[in-house]
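Enquirer: The structure that follows is given in the form of structure tokens.
The values are calculated or read from the model by the stated rules, or taken from the named source; none is laboratory data. These numbers were taken from a predicted model, which means no experiment stands behind them. Note: ideal-geometry Cβ built from the backbone for every residue, glycine included; neighbour counts use all protein chains shown. Ligands, DNA and RNA are stripped out before the accessible areas are found, and what is left, the full protein with its side chains, is counted by its heavy atoms. Shrake-Rupley method; radii C 1.70, N 1.55, O 1.52, S 1.80 Å.
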Amino acid sequence: MKEEHTVKKLERQLSKELPPHRVKEKLAQAVAERLRERLEEQVLKLDERDYTGGPEDIYREAIGAMHWMHDVLPATPEIVHTMVELDAIPRLLKLTSDGANVDAQLNVAWVLTNMCGVASPEDMAQIIDQGVLRVLTIMLFHVDGDVREQAVWCLGNVVADSTTYRDLALHEGVMAPLVAHSQTAADEAHLNDHVAPGRAKRHWARRIARTLHNLCVGSPAPEFLEVEPALPLLGRLLFEDDDNVLDQVLIALASFSTDSRERVHAVLSCADRAAERLVAVLKHPVQDIRAHSLCVIANICAASRFVVTGNDCEVQSMIDAGLLAQLVQLLHADMETQHAVIRRACRVLANICAGTRAQLYEALDNDATTRTTPIGRIIPLMCSIIGKCSFSVDYERGVIEEAAWVINNVSLGAKERAEEIFSDGCLQMFNGGDSLIAPAICASDESGSTLKPALEALRNLVVVIRDEGKLDWEDFEGVSGMLAHICSTHGVTAVRAQAGAILTSCLGYTQQQTDLLCAQSQDLVDETETECKPERKESPPLTDHEAARKIQSLHRGRSQRLALMLRKPGRGEMRRPVSFWSAQSGIATEDMPLKKSSRQGNRGAELSDNRKSQSESRGNRRKQFVVEQIVVLRKLQPLVESHEIQPHPSYYTGEQS
């Protein structure tokens with residue numbers, strides 16, 4: 001309140017001395033100067049010790065200064081830079097040498113938390129060089145829970161934006177005390193606010209989940225052995241009801257479950273019934289939490305020939321937990337609002353279909369019918385999803401790509417259950433306007449990330465149909481045209497080769513027929529582009545009669561304009577000359593429309609001498625401009641008579657500007 005009173009008093013004083021537009025700027029400068037002076041005073045108090053009283057009074061002045069720093073002082077990068085310049089960091093860290101004074105330790109961690117949350121990279125580097133990470137690691141072993149909790153908070157701010165500081169913190173050994181703190185924090189009542197009977201708001205869980213998230217994610221990823229001790233703690237936090245905690249834990253587990261099968265096995269072993277919990281989270285009302293859970297499940301189910309993370313037993317454990325039924329529910333979600341969830345659900349389904357034959361058949365046999373969407377099985381559901389998407393929309397493009405991988409992996413098992421797969425409409429995805437190889441996708445998919453799996457799936461299906469002797473050319477007439485379009489227009493060589501191989505080796509086209517089909521497709525594209533281009537219509541040459549009429553119109557318009565320029569303006573009216581312009585000659589004058597004067601009334605005898613002089617000067621300028629205009633017209637006269645310029649259309653109609 002005292003600071004606010006001082007600022008208001010200073011503002012009143014400046015408003016008396018300065019104009020209003022400078023008061024705000026001057027006030028900000030004065031407040032900044034006063035704040036720096038106060039900060040210098042408080043930083044000096046950090047060195048004061050009072051040995052006249054008891055042990056709790058030794059750091060009384062320093063604690064008061066730190067209270068001012070984290071309660072009154074605004075947390076901004078400029079303030080942090082000033083504190084670094086005033087050597088406040090060494091003074092703060094010196095106060096932590098006396099571990100017996102809990103109040104001093106807590107306030108030091110509090111001030112450092114505020115500073116590390118907004119510090120610039122340059123100032124943050126100086127703070128780290130002073131040994132802050134070592135002090136925070138020691139604080140994590142403190143007997144007081146509040147000191148440990150504040151140290152966890154500060155550590156999360158330090159490692160939030162830099163993998164370098166993350167690695168330094170892991171080398172300092174912060175993971176072990178973090179795990180130990182979580183085991184005791186749950187029993188401390190002041191770290192758990194009971195908001196309802198049987199429900200507590202666990203502050204310690206939020207802070208430690210955020211810190212673990214910052215320690216486990218990032219590129220490059222941390223060493224697995226350094227973060228592996230956090231897995232049991234993440235497994236316990238996975239069962240928390242707090243949305244914030246659950247979101248941070250799922251992101252950390254998604255980072256853990258990449259790159260190797262050992263990591264996936266460690267994630268599934270971090271807690272009992274971890275697979276059931278991950279599947280249950282798919283029912284969570286928050287979209288981001290469902291999407292992050294799908295990221296973890298996608299890494300676990302990636303046991304195909306393309307990646308080497310999960311294995312068949314771990315994929316089967318997810319299926320046994322009811323994963324397929326939950327995926328069907330997610331795939332029926334609204335595309336506009338939950339496209340991220342649908343895209344990740346398609347990725348999980350593609351990974352399941354790339355597993356064993358039994359897992360593929362279980363996915364094909366799964367009932368995809370819901371109360372609102374009676375679709376039947378997985379393949380019609382994919383057809384419906386692709387039909388809803390447009391490749392021109394960014395977020396729908398990823399959904400189409402993942403759906404193409406689903407069809408690709410399903411096509412690998414088409415030989416054993418070909419009749420069922422074709423009856424479900426798998427071949428329809430390559431024919432018609434919603435085809436996976438449609439010209440719209442060919443034009444937009446420059447990298448071929450969607451066309452490659454789609455063409456591979458088409459090849460597998462055509463081979464099965466050909467081997468069974470059920471190849472009908474009428475079904476593939478549109479497909480052949482789209483394949484020829486890809487061969488002739490796509491920019492990726494591998495994609496063109498895939499399309500050409502399907503035409504020659506699968507559909508039976510000869511190389512000459514394929515080249516002819518591609519040439520026809522290219523001609524059709526060229527004709528379409530030509531039709532889309534606007535035609536430039538050249539104006540026909542003028543006849544002698546039309547040229548004479550234009551010249552007469554030009555002379556008539558010139559006479560009217562000269563009359564307007566020479567006319568004396570009426571009372572209260574200010575008349576300015578109108579422009580004369582020609583595109584070929586490049587000569588133009590200023591175009592000022594006619595307008596009434598803003599002043600009205602009698603302008604006769606009441607005009608003062610000053611106004612009379614102004615009126616005379618305007619008259620002189622008008623006469624001078626008329627002379628200049630006549631000179632311009634005389635220069636244009638030979639061009640007009642020789643038909644080398646075209647008059648403005650308004651001259652032909654006799655209209656005035």
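Enquirer: Quick check: is even one residue across segment 97-105 over 17 Å from Val135 (Cβ atoms) and among the small types (Gly, Ala, Ser)?
Expert: So far as segment 97-105 goes, no, none of its residues is over 17 Å from Val135 (Cβ atoms) and among the small types (Gly, Ala, Ser).
Enquirer: Still on this model: Those residues that are among the hydroxyl-bearing types (Ser, Thr, Tyr) and open to solvent by 50 Å² or more (accessible area, probe 1.4 Å), I need them from segment 333-360; list them, please.
Expert: The one that is among the hydroxyl-bearing types (Ser, Thr, Tyr) and open to solvent by 50 Å² or more (accessible area, probe 1.4 Å): Thr337.
Enquirer: For residues that are at pLDDT 85 or above and in contact with a Cys (Cβ under 7 Å, 6 or more places away or on another chain), scanning just segment 309-330, find the one that is surrounded by the fewest Cβ atoms within 10 Å (Cβ to Cβ).
Expert: Among those residues, the one meeting the criterion is Met318.
Enquirer: Restricting to segment 484-520, name every residue that is open to solvent by less than 20 Å² (accessible area, probe 1.4 Å) and under 36 Å from the mean Cα position of the chain (by Cα).
Expert: Listed by number, the residues that qualify are Ile486, His490, Val495, Ala499.
Enquirer: Something else now. Go through the residues of segment 422-434 one by one and say whether even a single one is closer than 20 Å to Ala494 by Cα, open to solvent by less than 20 Å² (accessible area, probe 1.4 Å) and under 31 Å from the mean Cα position of the chain (by Cα).
Expert: Restricting attention to segment 422-434, the residues satisfying the condition of being closer than 20 Å to Ala494 by Cα are 430.
Right, trim to open to solvent by less than 20 Å² (accessible area, probe 1.4 Å) and you get 430.
From the residues that got through so far, the ones that are under 31 Å from the mean Cα position of the chain (by Cα) too are none.
Checked against the condition, which is being closer than 20 Å to Ala494 by Cα, open to solvent by less than 20 Å² (accessible area, probe 1.4 Å) and under 31 Å from the mean Cα position of the chain (by Cα), segment 422-434 yields no hits at all.
Enquirer: Please state which of the following conditions Asp129 fails to meet, knowing it meets all the rest: (1) within 18 Å of Leu212 (Cα to Cα); (2) modelled with pLDDT of 90 or more; (3) under 36 Å from the mean Cα position of the chain (by Cα).
Expert: Tallying (1) within 18 Å of Leu212 (Cα to Cα); (2) modelled with pLDDT of 90 or more; (3) under 36 Å from the mean Cα position of the chain (by Cα), Asp129 fails exactly one: (1).
Enquirer: Also, quick follow-up: Tell me which of these Leu140 doesn't satisfy, since it passes every other one: (1) at pLDDT 90 or above; (2) within 36 Å of the chain's Cα centre (by Cα).
Expert: (2)
Enquirer: Further question: Can we say Val80 is assigned to a helix (DSSP H, G or I), surrounded by 15 or more Cβ atoms within 10 Å (Cβ to Cβ), in contact with a His (Cβ under 6 Å, 6 or more places away or on another chain) and modelled with pLDDT of 85 or more?
Expert: Considered against the rule, which asks whether it is assigned to a helix (DSSP H, G or I), surrounded by 15 or more Cβ atoms within 10 Å (Cβ to Cβ), in contact with a His (Cβ under 6 Å, 6 or more places away or on another chain) and modelled with pLDDT of 85 or more, Val80 comes out as no.
Enquirer: Can you say whether Glu446 is open to solvent by 20 Å² or more (accessible area, probe 1.4 Å), within 20 Å of Ala494 (Cα to Cα) and not in a helix (DSSP H, G or I), as far as the supplied structure shows?
Expert: Taking the combined requirement at face value, the residue satisfies it.
Enquirer: Mind counting the residues in segment 387-421 that are open to solvent by 40 Å² or more (accessible area, probe 1.4 Å), in a helix (DSSP H, G or I) and closer than 18 Å to Ile352 by Cα?
Expert: 2
Enquirer: Of these, Ser304, Ser293, which one is of a type in the set (S, T, N, Q), farther than 19 Å from Trp204 by Cα and at pLDDT below 85?
Expert: On inspection, the qualifying residue turns out to be Ser304.
Enquirer: If you don't mind, there's one more thing I want to ask. Looking at segment 115-144, which of its residues are assigned to a loop (DSSP other than H, G, I, E, B) and either within 13 Å of Thr96 (Cβ to Cβ) or touching a strand residue (DSSP E or B) at 6+ places or on another chain (Cβ under 7 Å) (or both)?
Expert: Within segment 115-144, Gln130, Gly131, Leu140, Phe141, His142, Asp144 qualify.
Enquirer: Would you please name the residue that is farthest from Ser269 (Cα to Cα), looking only at residues in segment 215-230 that are part of a helix (DSSP H, G or I) and open to solvent by 10 Å² or more (accessible area, probe 1.4 Å)?
Expert: Per the criteria, the residue is Glu226.
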